[in-house]
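Trainee: Handing you a structure now.
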Amino acid sequence: DALEAWRKNPMAKRIVDCIIDYTLGDGITPTATGQLGSFIAKWWNHPKNHMEHRLPEICEELARAGDLFLSLHTNPVDGISYVRPIPKDRIIRIETAPNDWETELAYHETQEIGPPKIWLSPHHPGADEAPAIMVHYAVNRVVGALLGESDLATMIPWLLRYSRLLEDRVRLHWAARAFLWIVTVPSNLVQAKADQYRTAPDSGSIIVKDDAESWDAVSPDLKGFDAQFDLRAIRQMIDAGSGMPPHWRGEAHDVSLATAQAMEHSASRHLRRRQLYTRYMIAHLTHTAYTRDYALGKTRAK
C-alpha cells in the first residue's frame, strides 16, 4: 500500500522526499583513520557499491517499507562486500535465537521456483563461511515485532480519502461546465417550441424570438467554497501523521514567518531522530563489511 501511494500520490511522494532531504542533507559519509579508513574509502566508493548514490535509494526504501534488508556479497579475492537491497515483500520469515527474539539469525526469501532462499545474518554461527550474508534495519517497530512499519502507514487511509474527494470534485467541476436551457413560452406554443428545439442550438447560433419567449441557463451549484473545509481537515490529518508543517509541501495560506519557525522545531526533532538511526545504520553496515574483510584475512587490524 505504501509503495502504491508513493508511486501515485504526490503528497506521499513529497513526504518521503522530505524525510530523505532532511535526514541525509548533502550526504553522509563514514570516515576513520588508519587501515579502517583505507578500507572504508575503498568499499564506500567501489564501482559495485557507489554508496554515495545508493544511500538515498535505500533510505527511501526504509521510509516506505519500514524495513531494509541488505545482502552483502563478499568477494573472496579482495574482501570487498557488495551491497544489494532485497524488497521487504520477498522476505517471508525471520529466524531468531531461541532465547532472544532481537538476535536475528536467518532470513527466508521467497523464490519464483523452488524452496525459499536462506540468508544468514552476521549473528549466525556460520556467517563467516557464507559467501553472502544479510543485515536487517527497521523503523517504527512495535516492541516484540520482527518487522517495522512504513512512515506512510497511518496516513494511507487519509491519503486515499483525499484522493477520492479530489476526484469527485474534478468530476463535479467537469459536470458544472454543462448547463440546461429552460425556455418559457405561452402555453399554446409549448409543443411547437418543443419540436423546434428538440436539438439544442449549436454554440454561436443566433436565435430570433419575440417577447413571449424567454431563455434561462441553469447550471449546478457545487458549493465549492464549503468543500475547502473538508479538504483542509483531511490534509491536517495527513500532516499530523507525517509530523511535517503544511508549508513544507507548499501550502502557505496564512502562515507567518514566526509560525513557520515554531512549526519546524518539532518536525526537525523528529527527523533528527531518523538521522541518528541512519547514522547508526551506516556505521553498522560499514563495520559488518569490514568484519567480513577481516574474517578473510585481507586486513590485519581487528
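The values are calculated or read from the model by the stated rules, or taken from the named source; none is laboratory data. Remember, it's a predicted structure, so these values are computed and weren't measured experimentally. Counting neighbours? That spans all protein chains shown, and the Cβs are built from the backbone with ideal geometry, glycine included. For accessibility, only protein heavy atoms count, side chains too; no ligands or nucleic acids. Shrake-Rupley method; radii C 1.70, N 1.55, O 1.52, S 1.80 Å.
Trainee: Using DSSP to call loops (not H, G, I, E or B), can you name the GluC sites (Glu not before Pro) in the stretch 83-183 whose Cβ has at most 14 other Cβ atoms within 10 angstrom? Provide the component values of the computation, followed by the final result.
Mentor: Working: sites: E95, E102, E104, E109, E112, E129, E149, E167; in loops: E112, E129, E149.
Sites meeting the loop and neighbour criteria: E112, E129.
Trainee: With a probe of 1.4 Å, find how much accessible area the stretch 54-143 has per residue, and write the answer as a whole number in Å².
Mentor: Working: 4410 Å² over 90 residues.
Using a 1.4 Å probe on heavy atoms only, each residue of the stretch 54-143 averages 49 Å².
Trainee: Let me ask something else about it. Taking a cut-off of 26 Å between Cα atoms, list the lysines near K193, but don't count ones fewer than 8 places away on the same chain.
Mentor: Straight-distance partners of K193: K209.
Trainee: What is the distance in Å between the Cα centres of the stretch 134-173 and the stretch 232-258?
Mentor: 17 Å
Trainee: Turning to a different aspect of this structure: Give a residue-ordered list of calculated ³J(HN,Hα) values for the stretch 235-252 (Karplus: 6.51 cos²θ - 1.76 cosθ + 1.60, θ = phi - 60°; whole Hz; x for Gly, Pro).
Mentor: With the stated coefficients, the stretch 235-252 comes to 4, 5, 5, 5, 5, 5, x, 7, x, 10, x, x, 6, 6, 9, x, 9, 7 Hz.
Trainee: Pop out the carbon and sulfur fraction of the accessible area of the chain as a percent, whole number, probe 1.4 Å. Before the final figure, lay out each step's value.
Mentor: Details: 10240 of 18510 Å².
Roughly 55 percent of what the probe reaches on the chain is carbon or sulfur.
Trainee: Please report, in debye to the nearest 20, how large the charge dipole of the stretch 15-99 is about its Cα centre when each Lys and Arg carries +1 at its beta carbon and each Asp and Glu carries -1 there.
Mentor: On the way: 8 positive and 11 negative charges, 73 e Å.
Using only the charged Cβ atoms, the result is roughly 360 debye.
Trainee: Hey, another quick one. Using the Cα centre as the reference, give the magnitude of the dipole from point charges on the C-beta atoms of the chain (Lys, Arg: +1; Asp, Glu: -1; all else neutral), rounded to the nearest 20 debye.
Mentor: On the way: 35 positive and 38 negative charges, 169 e Å.
Result for the chain is approximately 820 debye, rounded to the nearest 20.
Trainee: Could you work out the relative contact order of the stretch 65-168? I mean the mean sequence separation of Cα pairs under 8 Å and 6+ apart, divided by the number of residues, in percent.
Mentor: After rounding, I find 27 percent.
Trainee: Could you name the lysines in cross-link range of K42, using Cα to Cα under 21 Å and dropping any fewer than eight places away on the same chain?
Mentor: K298, K302
Trainee: Let me ask something else. Using a ≥ b ≥ c from the Cα gyration tensor of the stretch 41-140 (square roots of the eigenvalues), is it rounded, prolate or oblate, where a/c under 1.5 gives rounded and otherwise the larger of a/b and b/c decides, a/b for prolate?
Mentor: oblate
Trainee: On to the next question. Taking square-rooted eigenvalues a ≥ b ≥ c of the alpha carbon gyration tensor, is the stretch 1-60 rounded, prolate or oblate, where a/c under 1.5 means rounded and, failing that, a/b exceeding b/c means prolate? Show your work: numbers first, answer last.
Mentor: Numbers: a/c = 4.53, a/b = 2.57, b/c = 1.76.
In terms of gyration-tensor shape, prolate.
Trainee: Using only the alpha carbon atoms of the stretch 94-212, find the Kirkwood hydrodynamic radius as the inverse mean reciprocal pair distance, in angstroms to one decimal. Walk me through the numbers before you get to the answer.
Mentor: Working: mean 1/r = 0.0450 Å⁻¹.
For the stretch 94-212, inverting the mean 1/r across all distinct Cα pairs yields 22.2 Å.
Trainee: Step through the residues of the stretch 288-301 one at a time and calculate ³J(HN,Hα) from phi using the Karplus curve (6.51 cos²θ - 1.76 cosθ + 1.60, θ = phi - 60°), rounding each to whole Hz and writing x for Gly and Pro.
Mentor: 5, 5, 5, 4, 5, 5, 5, 5, 7, x, 7, 9, 8, 6
Trainee: Relative contact order, percent, of the chain when contacts are C-alpha pairs under 8 Å separated by at least 6 residues?
Mentor: Numbers: 366 pairs, mean separation 60.8, N = 302.
RCO, the chain: 20 percent.
Trainee: Follow-up. Given a 1.4 Å probe and heavy atoms of the protein chains only, how would you sort Y197, Y290, largest accessible area at the top?
Mentor: Details: Y197 45, Y290 15 Å².
Listed by decreasing accessible area, they come as Y197, Y290.
Trainee: Starting with the highest mean, order 67-79, 19-31 by the number of other Cβ atoms within 10 Å, averaged over the residues of each peptide. Walk me through the intermediate numbers first.
Mentor: Values: 67-79: 17.6, 19-31: 15.0.
So the peptides 67-79, 19-31, ranked by packing, come out 67-79, 19-31.
Trainee: If you take the alpha carbon radius of gyration of the chain and divide it by 2.2 N^0.38 Å, what ratio comes out, to two decimals?
Mentor: Numbers: Rg = 30.4 Å, N = 302, 2.2 N^0.38 = 19.3 Å.
Cα-based Rg divided by the globular estimate yields 1.58.
Trainee: Under 29 Å Cα-Cα from K8, which lysines qualify once same-chain neighbours fewer than 8 residues away are excluded?
Mentor: Here the lysines satisfying the reach criterion relative to K8 are K88, K223.
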